[in-house]
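J.: Pasting a structure below so you can have a look.
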Amino acid sequence: DAGVIQSPRHEVTEMGQEVTLRCKPISGHDYLFWYRQTMMRGLELLIYFNNNVPIDDSGMPEDRFSAKMPNASFSTLKIQPSEPRDSAVYFCASSQGFNSPLHFGNGTRLTVT
Amino acid sequence: AQTVTQSQPEMSVQEAETVTLSCTYDTSENNYYLFWYKQPPSRQMILVIRQEAYKQQNATENRFSVNFQKAAKSFSLKISDSQLGDTAMYFCAFMKLQGAQKLVFGQGTRLTINP
């Protein structure tokens, strides 16, 4: 399996622009997670899905952030409008079944200027 | 809420030496999972080892082993015969057995293996 695939690997955008991050989980995995990594706050869970349904979005920082999972093989994390403080590495991860280890993608490094 | 603490921001050892990374956690749960993840410069998060709290035996994976002390809420990672490729950030993480599938991470330890 190719593992969790994220795109783009790097994204540089200007403040106020819309940003969309994409994720393809491992085939057969029914959980999908979005994490954000910053120097100050470490790794934080933003939201996770089970069978394409959002289960817990309590980590989503503001209404500017939204995530969707239209099918089992694709998810997006959107930031609109983006701000410099959104600059971070965003990871997508998936797992197969309850209490299974998470498999992470390579992350998207977002820089908002 | 669960918290995970890694008290060593950075560590450095010589190749072939043994190194132990510390992790403590706080929880009122009785059953849970603990993990160590490795993040090399490539940025990918790689699962190193997993421990189920209900198992008394410490988990091992080749050169990697843990010392799980449930009463003390301690979960250290030992790397034997360290290699240059072990250079990475190492994160300790906690997940409840029941309820939300949240993986809570520590702040990480930056490990450097010197030739």
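J.: Answer yes or no as to whether A:VAL4 is within 21 Å of B:ARG43 (Cβ to Cβ), open to solvent by 60 Å² or more (accessible area, probe 1.4 Å) and at pLDDT 95 or above.
T.: no
J.: Would you check which residues across segment B:21-56 are open to solvent by 60 Å² or more (accessible area, probe 1.4 Å), within 16 Å of the chain's Cα centre (by Cα) and more than 18 Å from A:SER95 (Cβ to Cβ) and list them?
T.: B:THR24, B:ASP26
J.: Which fully enclosed strands (runs of 3 or more DSSP E) of segment B:33-80 have 1 or more residues being within 12 Å of chain A (Cβ to nearest Cβ) and closer than 23 Å to B:VAL13 by Cβ?
T.: Output list reads B:46-52.
J.: Would you confirm whether any residue within segment A:12-21 is of a type in the set (Ser, Thr, Tyr), touching a residue at least 24 places away in the same chain (Cβ under 8 Å), over 20 Å from B:PHE94 (Cα atoms) and assigned to a strand (DSSP E or B)?
T.: Residues of segment A:12-21 of a type in the set (Ser, Thr, Tyr): A:13, A:20.
If we keep only those that are touching a residue at least 24 places away in the same chain (Cβ under 8 Å) as well, we get A:13, A:20.
Add one more test, that the residue is over 20 Å from B:PHE94 (Cα atoms), and what stays is A:13, A:20.
From what's left, assigned to a strand (DSSP E or B): A:13, A:20.
Yes: one or more hits.
J.: State all residues of segment B:105-115 that are in contact with a strand residue (DSSP E or B) (Cβ under 6 Å, 6 or more places away or on another chain) and either surrounded by fewer than 20 Cβ atoms within 10 Å (Cβ to Cβ) or free of Cβ contacts under 8 Å to residues at least 12 places away in the same chain (or both); if no residue qualifies, say none.
T.: If the condition is that a residue be in contact with a strand residue (DSSP E or B) (Cβ under 6 Å, 6 or more places away or on another chain) and either surrounded by fewer than 20 Cβ atoms within 10 Å (Cβ to Cβ) or free of Cβ contacts under 8 Å to residues at least 12 places away in the same chain (or both), then B:GLN107, B:ARG110, B:THR112, B:ASN114 are the ones that fit.
J.: Also, I was wondering about something else. Going through segment A:26-40 one residue at a time, which ones are more than 9 Å from chain B (Cβ to nearest Cβ), over 11 Å from the mean Cα position of the chain (by Cα) and on the phi < 0 side of the Ramachandran plot?
T.: Correct list: A:ILE26, A:SER27, A:HIS29, A:ASP30, A:THR38, A:MET39, A:MET40.
J.: Continuing with this model, one more query. Are any of the residues in segment A:83-102 away from chain B (no Cβ under 11 Å), of a type in the set (Lys, Arg) and open to solvent by 10 Å² or more (accessible area, probe 1.4 Å)?
T.: Yes, there is a match, as at least one residue in segment A:83-102 is away from chain B (no Cβ under 11 Å), of a type in the set (Lys, Arg) and open to solvent by 10 Å² or more (accessible area, probe 1.4 Å).
J.: Then there is this: Among the residues of segment B:91-112, is there at least one that is β-branched (Val, Ile, Thr), modelled with pLDDT of 95 or more, within 12 Å of the chain's Cα centre (by Cα) and over 27 Å from A:SER94 (Cα atoms)?
T.: Scanning segment B:91-112 turns up no residue that is β-branched (Val, Ile, Thr), modelled with pLDDT of 95 or more, within 12 Å of the chain's Cα centre (by Cα) and over 27 Å from A:SER94 (Cα atoms).
J.: Right, something else. Here are the criteria: (1) loosely packed, with under 15 Cβ neighbours inside 10 Å; (2) part of a strand (DSSP E or B); (3) free of Cβ contacts under 8 Å to residues at least 60 places away in the same chain. Tell me which single one B:SER12 does not satisfy.
T.: Every condition holds for B:SER12 apart from (3).
The values are calculated or read from the model by the stated rules, or taken from the named source; none is laboratory data. Please read these numbers as outputs of a predicted model, since none were measured by experiment. In this analysis, Cβ positions are derived from the backbone assuming ideal geometry, glycine residues included, and neighbour counts consider all displayed protein chains. Please note that ligands, DNA and RNA were not included when accessible areas were found on the heavy atoms of the full protein model with its side chains. Shrake-Rupley method; radii C 1.70, N 1.55, O 1.52, S 1.80 Å.
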